[in-house]
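Asks: Handing you a structure now.
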Amino acid sequence: MAELIVISTLNGVLFGMLLFLLSSGLTVIFSMMGVLNFAHASFYMLGAFFGFQLTRWIGFWPALVIAPLLVGVVGMGVERYGLRNTHKHGHVAELLLTFGLAFAIEEIVSMIWGKSPVDYRVPAALDFPAFTVFSTNYPAYKIFMLVVSVVIFIALLVTLKRTRVGLIVQAALTHPSMVGHLGHNVGRVFMLVFGVGSGLAGLAGVIAGPSLVTQSDMAALLGPILFVVIVFGGLGSLPGAFIASLLIGLIQTFAVALNGSLASVFGPLDPSLGPSPLTDIWNVTIAQIAPILPYLLLVLVLIFRPMGLLGTRES
Amino acid sequence: MTNAPTPTLAAAKQESGGALGFYGVWVLAAVALVVLPLIFSSGGSLTSFCLIGIAIIFALSYNILLGQTGLLSFGHAVQYGLGGFLAVHVMNAVANHNWPIPLPVIPLIGGIGGMAFALLVGWVMTKRAGTVFAMISLGIGELVASSSLILRSVFGGESGITTDRTSLMPMFGWTFGPQIQVYYLIAFWVLISAIAMYALTRTPLGRICNAVRDNPERVEFIGYDPHVVRYLAYMFAGFFAGIAGGLTAINFEIANSAYLGATQSGLVLFSAFIGGTAYFFGPILGAILVTYLQLGLTSVTSVWQLYFGVIFIGIVMFAPGGIAGILMKHRPLIRAGTLGTVIPSYLVAAIPTLAFALGIILTIETVARFSGGDVINLLGIPFVATAPTTWAAAAVLVVGGFLVARITWRRVAEAWDRAATVARDRGYLA
């Protein structure tokens with residue numbers, strides 16, 4: 001039990017930090033531009049696939065730098081030539097544009113790399129067990145992922161709190177039009193923020209790719225969870241996104257590791273009852289409902305605290 | 001049939017011949033629905049008509065949310081799928097107990113299923129509009145789709161639940177075994193649902209829905225609760241989506257968890273938006289086009305979904321009014337008789353635009369077939385995906401087409417402005 005708790009906590013924090021790499025960009029983009037970027041998880045997927053391809057061509061370490069940059073450039077292009085032109089048609093059109101993009105990117109990726117998972121491996125330099133807890137070898141690559149996410153997290157924090165650009169971004173989080181009135185080139189700030197946000201998502205993809213499965217449906221699997229994170233944390237709140245990322249990372253990891261069901265706690269139902277929704281619910285394990293837990297959480301949050309954990313605005 | 005404000009002068013003209021034109025459209029639609037399978041009687045086209053009919057009801061029901069009430073839903077397939085599942089279960093129960101319920105009533109039960117679910121979750125969902133509604137509809141959609149795989153006894157797991165539509169009581173000697181009889185059943189429901197949904201837009205509720213879409217704050221000031229209005233709209237949308245789901249269950253004699261999924265929700269959003277959400281007939285056009293493309297493209301190319309995405313992005317960026325919006329934009333020009341001055345510039349712009357589109361198609365197909373080494377047959381010209389000449393041709397078409405098209409579209413805009421000015425002078429354009 002203690003082993004399960006330690007390993008799951010480590011994995012949960014790791015997954016949470018990955019989620020934060022994505023949700024931080026999404027939150028900042030949403031706060032500044034009012035656009036919930038549906039394609040954000042697609043940038044994560046692009047990062048993973050670019051990382052895979054570049055690792056093949058030039059090795060993992062250059063790919064770790066170049067792939068996120070490439071994704072960032074794609075993101076900036078999307079902002080400059082897509083969103084900026086759609087802005088005049090309103091928020092719904094912008095949301096739908098990113099929705100269409102997410103759809104198209106998934107199709108393009110499966111067109112180029114196929115629908116089955118690609119062989120994106122952990123680099124040899126990091127392919128060893130870092131330490132042994134109880135009887136489980138904890139892979140060094142996961143520690144590397146954790147270190148990268150924490151470093152990015154600190155860098156983000158320092159940039160936001162200590163630099164001039166961070167100051168403008170922070171101001172734009174709460175008062176986007178005022179920032180424009182003060183004479184900043186809001187268009188360029190938007191493009192930059194969008195690029196950095198998608199670049200971070202790309203980085204998350206590059207480092208998560210070898211550890212998770214690199215497949216053309218990875219964006220569709222992660223995207224909705226990402227929305228849960230930022231709604232749960234409070235739309236537009238970075239600290240909220242951080243807490244929600246960790247929380248959902250931990251919840252999902254623990255749920256997957258637990259095998260209990262109502263049947264294992266209270267004993268099996270009388271077999272004469274026959275198959276019914278009750279027996280389904282009775283026999284389902286916590287691991288099986290892990291995929292729906294985030295959505296359950298989302299619905300509960302929207303019912304009881306519509307502004308999310310730390311959010312201030314309702315929509 | 002418009003919901004957009006028409007200029008007073010044009011509106012006055014519309015009133016005079018209104019009643020005849022209004023009923024004429026529906027009679028014409030009914031006649032077309034009856035006659036269509038007689039003209040195109042092959043099995044393939046019958047199947048397509050059935051799918052298109054269902055898609056029309058589904059897209060129209062979606063537009064009650066997006067077009068009429070301004071609610072962007074990413075989980076509309078939930079009501080559709082649940083309606084389908086309820087229909088299948090009821091059909092099986094009716095067959096087992098020999099209840100005297102004929103098949104044509106079953107879609108109504110699907111509708112009640114969709115409405116019941118909307119009743120259950122709608123109050124919480126419609127508290128807020130905008131992004132929050134979009135998110136919660138996505139969440140509910142994922143929740144129901146994932147839950148359907150857990151509740152196996154109700155949803156049948158991956159394989160779904162099958163039924164037999166001929167096992168129900170025959171009606172007027174029809175067993176609904178042959179596809180043509182199913183077609184007429186679907187056509188009947190398409191007509192009824194379309195009339196009902198159109199009538200809904202004309203009721204005070206439909207009008208207040210539009211008001212909630214445009215300015216919820218003012219709606220509150222005049223004494224309505226936008227939340228209640230959104231809730232009602234959500235229930236009506238759920239009802240008609242359920243009818244579509246019930247018809248699908250009858251058509252395929254199966255309901256599975258794919259009915260509830262994100263793909264289905266995405267397709268209906270595509271249909272409604274590509275067709276145009278501002279006009280009642282928009283989603284009908286969209287449903288026809290999307291279903292037709294879906295059926296036609298699958299046999300031509302393996303990446304047909306990508307074309308959907310590209311068309312959708314194109315519509316969002318360049319014509320957010322959809323096909324209906326483009327068509328209706330020309331109405332004042334036709335009335336003023338100035339459309340003729342725009343058409344030449346359209347014809348000029350069509351050539352590079354077509355070249356650009358062909359270039360995009362060639363590029364996509366080259367990438368898609370690169371590893372397979374298949375030959376692309378475009379306009380009868382064979383292109384080899386691995387040949388550099390193909391790449392060059394694609395690049396020239398895309399880049400050249402884009403550059404020339406940009407110039408020609410600028411000229412279209414100028415011609416349009418001149419024509420619109422004349423139309424405005426003559427009082428046909430506000």
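Rule-based calculations on the coordinates, nothing more; no lab input. All values reported here derive from a predicted model rather than from experimental measurement. Cβ placement follows ideal geometry from the backbone for every residue including glycine, while neighbour counts extend to all protein chains displayed.
Asks: Which aspartates and glutamates, if any, have their Cα less than 16 Å from the Cα of B:LYS127, not counting same-chain residues under 8 positions apart?
Replies: Cross-link targets: A:GLU314, B:GLU217, B:GLU220, B:ASP225.
Asks: If you put +1 on each Lys and Arg Cβ and -1 on each Asp and Glu Cβ, how big is the dipole of the protein assembly as shown around its Cα centre, in Debye rounded to 20?
Replies: Working: 33 positive and 25 negative charges, 399 e Å.
Result for the protein assembly as shown is approximately 1920 debye, rounded to the nearest 20.
Asks: For chain A, modelled as a GNM with alpha-carbon contacts under 10 angstrom, which of A:GLY195, A:GLY205, A:GLY260 fluctuates the most?
Replies: A:GLY260
Asks: Next question, about the same structure. Given Cβ point charges of +1 (Lys, Arg) and -1 (Asp, Glu) and nothing else, what value in debye, to the nearest 20, does the dipole of region B:25-324 about its Cα centre take?
Replies: Numbers: 9 positive and 8 negative charges, 62 e Å.
The dipole of region B:25-324 has a size of about 300 debye.
Asks: Taking A:LYS88 as the anchor, which lysines have their alpha carbon closer than 23 Å to its alpha carbon, excluding any fewer than eight residues away along the same chain?
Replies: List returned: B:LYS329.
Asks: Among A:ASN85, A:GLY59, A:VAL28, whose Cα projects farthest towards the positive end of the dipole of region A:1-122, with charges put on the beta-carbon of Lys, Arg (+1) and Asp, Glu (-1)?
Replies: A:ASN85
Asks: Taking region B:115-172, which chymotrypsin sites (Phe, Trp or Tyr not before Pro) meet the DSSP loop condition and have no more than 10 other C-beta atoms within 10 Å? Spell out each step's value before the answer.
Replies: Values: sites: B:PHE117, B:TRP123, B:PHE133, B:PHE155, B:PHE172; in loops: B:PHE172.
Taking region B:115-172 and a limit of 10 other Cβ atoms within 10 Å, the loop chymotrypsin sites (Phe, Trp or Tyr not before Pro) found are B:PHE172.
Asks: Hey, what number do you get for the protein assembly as shown at 222 nm if only DSSP H runs of n ≥ 4 count, each worth -39500 (n - 2.57), divided across all residues, to the nearest 500? Mind dumping the intermediate values first?
Replies: Numbers: 32 runs with 536 residues, N = 745.
Taken over the protein assembly as shown, the calculation gives -24000 deg cm²/dmol.
Asks: With an 8 Å Cα cut-off and a minimum separation of 6 or more residues, compute the relative contact order for chain B in percent. Could the numbers behind the result be given before it?
Replies: Values: 655 pairs, mean separation 100.0, N = 430.
Reported relative contact order: 23 percent.
Asks: Using the 10 angstrom Cβ neighbour count as an exposure proxy, how do B:THR175, B:THR363 rank, fewest first?
Replies: By the 10 Å Cβ count, ascending: B:THR175, B:THR363.
Asks: For B:HIS227, what charge total do you get from the other residues with a beta carbon under 12 Å from its beta carbon, if Lys and Arg give +1 and Asp and Glu give -1? Provide the component values of the computation, followed by the final result.
Replies: Values: positive: B:LYS127, B:ARG128, B:ARG230; negative: B:GLU220, B:ASP225.
Surrounding charge for B:HIS227 is +1.
Asks: Under 18 Å between alpha carbons, and skipping anything fewer than 8 positions from A:LYS115 in its own chain: which aspartates and glutamates qualify?
Replies: Cross-link targets: A:GLU106, A:GLU107, A:ASP217, B:GLU365.
Asks: Other chains' Cβ within 10 Å of B:296-306 residues: what's the mean? Please list the in-between numbers first.
Replies: Numbers: counts 0, 0, 0, 0, 0, 0, 2, 4, 1, 6, 8.
Per residue, the average neighbour count from other chains is 2.
Asks: Positive end of the dipole of chain B, charges at C-beta (+1 Lys, Arg; -1 Asp, Glu), about the Cα centre: which of B:TYR224, B:ALA59, B:LEU267 has its Cα farthest in that direction?
Replies: Selected residue: B:TYR224.
Asks: From the residues A:PHE15, A:SER149, A:VAL284, which one has its Cα farthest along the dipole of chain A in the positive direction, the dipole being from +1 and -1 charges on Cβ of Lys/Arg and Asp/Glu about the Cα centre?
Replies: The residue sitting most towards the positive pole is A:SER149.
Asks: To the nearest 10 degrees, how steep is helix A:293-304 against the longest Cα principal axis of chain A, on a 0 to 90 scale?
Replies: 70 degrees
Asks: Ranking request for peptides B:317-325, A:243-251, B:266-274, B:411-419: highest mean number of other beta-carbon atoms within 10 Å first, then the rest in descending order. Present the calculation step by step, with values, prior to reporting the outcome.
Replies: Numbers: B:317-325: 19.3, A:243-251: 21.8, B:266-274: 26.4, B:411-419: 15.7.
Ranking the peptides B:317-325, A:243-251, B:266-274, B:411-419 by packing returns B:266-274, A:243-251, B:317-325, B:411-419.
Asks: State, as an integer percentage, the relative contact order of region B:144-200 based on alpha-carbon contacts under 8 Å between residues 6 or more apart.
Replies: Details: 21 pairs, mean separation 7.7, N = 57.
The value is 14 percent.
Asks: Taking the Cα centre as origin and putting +1 on Lys and Arg beta-carbons and -1 on Asp and Glu beta-carbons, what dipole magnitude results for region B:374-430, to the nearest 20 debye? If you can, show how the numbers build up before the last one.
Replies: Values: 6 positive and 4 negative charges, 62 e Å.
Rounded to the nearest 20 debye, it is 300 debye.
Asks: Angle between the Cα long axis of helix A:91-113 and the longest principal axis of chain A, 0 to 90 degrees, nearest 10?
Replies: 70 degrees
Asks: Also, quick follow-up: Run the numbers on region B:331-425 and let me know its relative contact order in percent, using alpha-carbon pairs under 8 Å that are six or more apart. Display every interim value, and only then the final one.
Replies: Details: 99 pairs, mean separation 41.3, N = 95.
It comes to 44 percent, rounded to a whole number.
Asks: Could you work out the mean count of beta carbons from other protein chains within 10 Å of each residue's beta carbon in A:293-303? Mind dumping the intermediate values first?
Replies: Values: counts 2, 4, 11, 4, 1, 7, 7, 1, 2, 10, 5.
Per residue, the number of nearby Cβ atoms from other chains is 5 on average.
Asks: For chain A, set up a GNM with springs between Cα atoms under 10 Å and report which of A:VAL71, A:VAL189, A:VAL13 has the largest fluctuation.
Replies: With Cα springs under 10 Å in chain A, the top fluctuation among A:VAL71, A:VAL189, A:VAL13 is at A:VAL189.
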